[in-house]
Amino acid sequence: MTCNKKVFVAGATGVIGRALCKMLIKDDWTVYGTTRCEDKVKMLKEMGVEPIIIDIYDEKKLEEILFLIKPDLVMHQLTDLPAGLNPAKMQEALVSNAKLREIGTRNLVNASIKAGVKKMIAQSIAFVYEPSTLPHTEESALLNYEDPIYGTTSKAVASLEEQVLNAPFIGIVLRNGLLYGNGTGFDNPVDFVPPVHVDAAAHAAFLAINCTSNGIYNIADNDERLSTQKAKTELKWNPDFRVI
């Protein structure tokens, strides 16, 4: 099947989105990237991205745009978190990010189906596993939804993943560790959860373009708490990858 080399990057101005867009453009993709903010349009244009100003909750407009573009591939890199995971804003952000993962994903998946999208690669997280024998693998259970702190997050993560994997296109879920590196708010890896450099996380999404069937992959630095062997074997992914 011939690919039209058009990709819709939802969340193009995020830290992974920016790095990923550059990789896609270098690989001769026509990249349509979303932002909610008019003031980020210039940045996208300078990168070579076709800017799309859209609120993911505007379901009708999202459907119209995707149907017009008709990309083969959608990159779901949407998040709603404060820079550097500012502790003062995290309680509110956990609620808004959960909404984005559930309702935002639903809108993006539905619009993608109507537009005839063939593949979606979605960002998830690798640090809401239920405490159990380590290392956690992609088959390990997600955190109990009743957990008083992160239960809502775990439920939203499960919703995002199920929607992407159950859609009538190839669905790939990348469970990223906690991001560090340029623009993330963390110059160095954290130690309280498995980390991953933003460049390596973006490269995993780029490599996942080659997937021909549904899959979930843990994406993180080498860490005894989390197995990333599946990504290393099937995606040929290297956690040491950096953009030079």
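The values are calculated or read from the model by the stated rules, or taken from the named source; none is laboratory data. All values reported here derive from a predicted model rather than from experimental measurement. Note: ideal-geometry Cβ built from the backbone for every residue, glycine included; neighbour counts use all protein chains shown. For accessibility, only protein heavy atoms count, side chains too; no ligands or nucleic acids. Shrake-Rupley method; radii C 1.70, N 1.55, O 1.52, S 1.80 Å.
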For the stretch 162-244, what relative contact order do you get, as a whole percent, if you take Cα pairs closer than 8 Å and at least 6 residues apart?
31 percent
What percent antiparallel are the DSSP beta bridges of the chain, to the nearest 5?
5 percent
Apportionment of accessible area to carbon and sulfur, the chain, percent (1.4 Å):
52 percent
Given +1 on the Cβ of Lys and Arg, -1 on the Cβ of Asp and Glu, and no further charges, what dipole in debye does the chain carry about its Cα centre, rounded to the nearest 20?
780 debye
What do you get for GluC sites (Glu not before Pro) in the stretch 103-158 restricted to DSSP loop and a cutoff of at most 15 other Cβ within 10 Å of the site's Cβ?
Glu139, Glu146
What does the convex hull of the alpha-carbon atoms of the chain project to on average, in nm²?
12.6 nm²
Ordered by packing density, taken as the mean number of other Cβ atoms within 10 Å over each peptide's residues, highest first, how do 54-67, 190-203 rank?
190-203, 54-67
Given contacts defined as C-alpha pairs under 8 Å and at least six residues apart, what's the relative contact order of the stretch 100-244, whole-number percent?
25 percent
Can you tell me the relative contact order of the chain? Whole percent, Cα pairs under 8 Å, sequence separation 6 or more.
18 percent
